[in-house]
Structure formats: structure tokens, C-alpha cells
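The values are calculated or read from the model by the stated rules, or taken from the named source; none is laboratory data. Quick caveat: nothing in here was measured; it's all calculated off a predicted structure. FYI the Cβ positions are ideal-geometry reconstructions off the backbone, even for glycines, and counts take in every protein chain you see. Surface areas here come from the heavy atoms of the whole protein model, side chains and all, with no ligands, DNA or RNA. Shrake-Rupley method; radii C 1.70, N 1.55, O 1.52, S 1.80 Å.
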Amino acid sequence: MTINVVVHGVLGKMGQQVLDAVTNASGLQPVGGVDMNASKGAIALPDGSGEIPVSGSLDDVLEEIGRASC
């Protein structure tokens, strides 16, 4: 079973550490990031395996995740 994770504060120092930990943890899948300083877009995963949507709005990220899973 994989747990999907949205990292809040993803552009900050601790948020980057959390994103790195989630990316490298078995059983966890980073699917989005939220940060009050973010524009709507995407950021690369620390291990280079892809990118996740990022926005200043949790609603925007959840909407993007919902579109991607359809």
C-alpha cells in the first residue's frame, strides 16, 4: 500500500527535507506541494524521478492531482 503525500511548505528548508524524505521512503509517494510563496506550476522531485504540482493553494494542488489520476 502506498500513501500519497502533499508536502505543505515545500519551498522552505524543512519542506525540502520532508520532500526528500518522502521521495526516498518506501510506501510513501509525493504527489504535490503547497507553499504560500509558490506560483501554480510544478517542481522536480529531489531524486530526478519526475515532478509534482505546486501552488500556494491546497485546493489547486488537490484539483491538479485529481485531474492527473483520471
Practice problem: For G33, enumerate residues with amide H under 5 Å from its amide H, sequence gap 5+ or separate chain, H modeled in the peptide plane. | Solution: V7, V54, S55
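Quick one: dipole size for the chain, taken about the Cα centre, charges +1 on Lys/Arg Cβ and -1 on Asp/Glu Cβ, in debye to the nearest 20.
Working: 3 positive and 8 negative charges, 15 e Å.
I would put it at about 80 debye.
At 1.4 Å probe size, put D20, D59 in order of accessible surface, largest to smallest. Kindly include the intermediate steps, with their values, before the conclusion.
Numbers: D20 65, D59 115 Å².
Listed by decreasing accessible area, they come as D59, D20.
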Exercise. On the protein heavy atoms, probe 1.4 angstrom, tell me the percent of accessible surface of the chain carried by carbon and sulfur.
Key: 53 percent
Exercise. Please identify which residues in region 26-51 have an amide N closer than 16 Å to a label point set 7 Å out from the Cα of L58, following the Cα→Cβ vector.
Key: 31-38
Quiz prompt | Distance in nm between pseudo-label sites at E51 and N4 (7 Å out along the Cβ direction from Cα) | solution = 1.9 nm
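Got the relative contact order for region 1-68 handy, in percent, Cα pairs under 8 Å and 6 or more residues apart? If you can, show how the numbers build up before the last one.
Details: 124 pairs, mean separation 19.1, N = 68.
That works out to 28 percent.
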Quiz item: Just for region 7-70, what percent of DSSP beta bridges are antiparallel, to the closest 5?
Solution: 50 percent
Exercise. Find the accessible area per residue for the chain; the probe is 1.4 Å, ligands and nucleic acids are left out, and the unit is Å².
Key: 63 Å²
